[in-house]
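Everything on this sheet refers to the single structure shown next.
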Amino acid sequence: MTVPAAVTIPRSWEQADIDAMCTTVRVVAFDLDSTLARSKMRMTEGMGRRLAALTHLTTVAIVSGGRFAQFKEQVLDVLDGLDIATDRSRLHLMPTSGTRYFRWGGDDWECVYAHDLSARDRAAAVASLERHAKELGIWEEHPWGHRVEDRGSQITFSALGQQAPVEQKEAWDPSNRKKNALAAAVAADLPHLQVRSGGSTSVDISERGIDKAYAVRELASILQVEVNEIIFIGDRMDPDGNDYPAALAGTMPIRVANPDDTIAVADRIIAQLSPTVH
């Protein structure tokens, strides 16, 4: 598959032709943090209802830098608590930026694949992140929880700590300048690995070539659809963001700024895909 050198993505979801996208869509895929939910927080019941409704209209996927445990806490527990059913057979989960893939096996979520980094690469990634964060003056002395998390298939740096208040995270680097500088410095140390600016305070490191572009291509192959039949909704659609590879892969990208935008987009998609009542 030929990957374009760049793609043009509307600055706002309101400028995207969602109605036209819905005429060919076969999968609707979402980022998690700042898209389905605020950073590390449970998605709202309203978002859960829309996600559940979509599973009865089309195939749904979530592709995020978070661990599977975060998917459970932020998404699955909310869906389980609703008074409307989710068709789990049509929900596909791709944590740690698509380096792992889970699907419903009838009784539980089953891991289909995992691309774990070697112990040497994980150690090198942790050392590089700490060194460059200190050099750049973004190594916080009193973080909320761990700064660096080893997720097996991905190393994630969270500048303020994993448990930092969401308001602090959202205000820390609105221009993405700090995260992008750290990602560039670490990438120079580890050219054989994939290094990307992630969520509001994070930088993610994984096996090269295993990112959200890989995730959507794998998903398309597994589901026997074309990549250009996937709508991908995310907040980091800028060229340095971790949602951008999904756009480069050829999906129909929709840029949102927050979960409120995502609810508006989901409502539009649901309206377009719902059978006409006569």
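When a 1.4 Å probe is rolled over the protein heavy atoms, the share of accessible surface on segment 21-93 that falls to carbon and sulfur comes to 47 percent.
Helix 45-55 and the long axis of the chain differ in direction by around 60°, with both axes built from C-alpha atoms.
Net charge of the neighbourhood of Gly81, taken over other residues with C-beta under 10 Å away and scored Lys/Arg +1, Asp/Glu -1, is -3.
By the gyration tensor of its Cα atoms, with a ≥ b ≥ c the square roots of the eigenvalues, what is the shape of segment 134-192: rounded for a/c under 1.5, prolate for a/b over b/c, or oblate? Oblate shape, in that a/c is at least 1.5 and b/c is the bigger or equal ratio. Here segment 38-106 is treated with +1 on each Lys and Arg Cβ and -1 on each Asp and Glu Cβ, and its dipole about the Cα centre works out to around 260 debye. Is segment 158-238 best put as rounded, prolate or oblate by its Cα gyration tensor, with a ≥ b ≥ c the root eigenvalues, rounded for a/c under 1.5, and otherwise prolate when a/b is larger than b/c, oblate when not? Note, shape of segment 158-238 comes out oblate.
Overall, the accessible surface of segment 163-278 at a probe of 1.4 angstrom is composed of carbon and sulfur to the extent of 49 percent.
A Förster radius of 30 Å, combined with the Cβ-Cβ distance separating Trp144 from Thr23, puts the computed FRET efficiency at roughly 0.10.
The charge dipole of the chain, taken about the Cα centre with unit charges on the Cβ atoms of Lys, Arg (+1) and Asp, Glu (-1), comes to about 340 debye, rounded to the nearest 20. Computed from the C-beta positions of Ser221 and Asp116, the FRET efficiency with R₀ = 30 Å rounds to 0.90. Our helix-only sum for the chain, with -39,500 (n - 2.57) per DSSP H run of n ≥ 4 divided by its residues, gives a mean residue ellipticity at 222 nm of -9500 deg cm²/dmol.
For the chain, the longest stretch holding no trypsin sites (Lys or Arg not before Pro) located in a DSSP loop with at most 14 other Cβ atoms within 10 Å is which?
12-207
Beta-bridge orientation, the chain: approximately 55 percent antiparallel, per DSSP, counting only bridges with both partners inside.
Average accessible surface for the chain: 44 Å² per residue, computed with a 1.4 Å probe over protein heavy atoms with every protein chain in place.
Charge tally around Thr8: other residues with Cβ under 14 Å, Lys/Arg +1 each, Asp/Glu -1 each, net 0. Treating each Cα of segment 88-238 as an identical point scatterer and summing with the Debye formula, the log10 of I(q)/I(0) at q = 0.18 Å⁻¹ comes to -1.10. With 20 Å as the limit on Cα-Cα distance, the pairs of Lys40/Lys169; Lys72/Lys178; Lys134/Lys179 that go past it are Lys72/Lys178. Ordering Gln154, His115, Asn176 by the projection of their Cα atoms onto the charge dipole of segment 48-193, which places +1 on the Cβ of Lys and Arg and -1 on the Cβ of Asp and Glu, puts Asn176 at the extreme positive end.
The values are calculated or read from the model by the stated rules, or taken from the named source; none is laboratory data. Everything numeric in this text was worked out from a predicted model, so none of it was measured. In this analysis, Cβ positions are derived from the backbone assuming ideal geometry, glycine residues included, and neighbour counts consider all displayed protein chains. In case anyone asks, the SASA skips ligands and DNA or RNA and just uses the protein heavy atoms, side chains included. Shrake-Rupley method; radii C 1.70, N 1.55, O 1.52, S 1.80 Å.
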